[in-house]
Each structure stands twice: as C-alpha cells, then as structure tokens.
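Taking it in order: structure first as structure tokens, then the write-up.
Throughout, read-outs are computed from the coordinates displayed, never taken from laboratory work. In this text the structure is predicted, and so the values were computed from the model without any measurement. Positions of Cβ are generated from backbone atoms using ideal geometry, with glycine treated the same way; all protein chains shown enter the neighbour counts.
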Amino acid sequence: MADEVKGSVTFSDAVPGSIEEIVGRTGTRGEAVQVRVKVLEGRDQNKVIRRNVRGPVQLGDILMLRETEIEARPLGKGGRGGR
C-alpha cells in the first residue's frame with residue numbers, strides 16, 4: 001500500500017472478449033441484451049460464453065470481462081417464469 005497515491009484509481013484485471021452473436025433482450029423491462037462472447041485471452045481463451053450486457057452493443061464489439069467462469073442462464077421461450 002506504500003505505492004498507492006491518495007485519490008488514485010485502481011482497476012481490476014479484465015479479459016477481452018469479442019461479441020459473436022446477439023441472442024436477445026432480457027431483464028424485466030428488456031434493458032439488457034444477452035450475447036455470446038468469445039474470450040480472446042487468459043485461461044479460458046477461445047471459450048464461447050453467454051453474458052448479459054447493458055447498453056448499446058453490436059457484433060464485433062470488445063467487452064472487458066472481469067471473470068469468465070460464470071455464464072448467464074439461457075433466455076426462456078416467452079413470458080414469465082423463465083422457462
């Protein structure tokens with residue numbers, strides 16, 4: 001902690017991932033988008049995982065992922081209940 005300067009910003013390690021497919025909208029009001037992301041570096045390199053993303057995204061965008069182990073649940077077929 002001797003090297004930290006008061007008021008400095010520290011970032012956690014992140015791994016880049018490229019958006020391969022946009023699956024659909026999710027969330028109670030459709031505020032998130034479920035995407036399939038190919039991990040570009042790190043332990044899980046070339047693994048394709050499903051993630052929920054907020055904000056505008058398009059194919060080919062690069063996301064910085066804090067973790068690559070946890071995957072979002074697949075979107076259900078319509079309506080409430082999540083099935």
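The listed residues are G7, G24, G30, and the only one of them that is within 22 Å of R73 (Cβ to Cβ), over 15 Å from the mean Cα position of the chain (by Cα), exposed (fewer than 15 other Cβ atoms within 10 Å of the Cβ) and of a type outside the set (D, E, K, R) turns out to be G30.
Every residue, every condition in (1) of a type outside the set (A, V, I, L, M, F, W, C); (2) in contact with a Cys (Cβ under 7 Å, 6 or more places away or on another chain); (3) in contact (Cβ under 8 Å) with a residue 24 or more places away in the chain, yes or no:
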position: T10; (1), (2), (3): yes, no, no
position: A14; (1), (2), (3): no, no, yes
position: I19; (1), (2), (3): no, no, yes
position: V33; (1), (2), (3): no, no, yes
position: E41; (1), (2), (3): yes, no, yes
position: N46; (1), (2), (3): yes, no, no
position: I62; (1), (2), (3): no, no, yes
position: E71; (1), (2), (3): yes, no, no
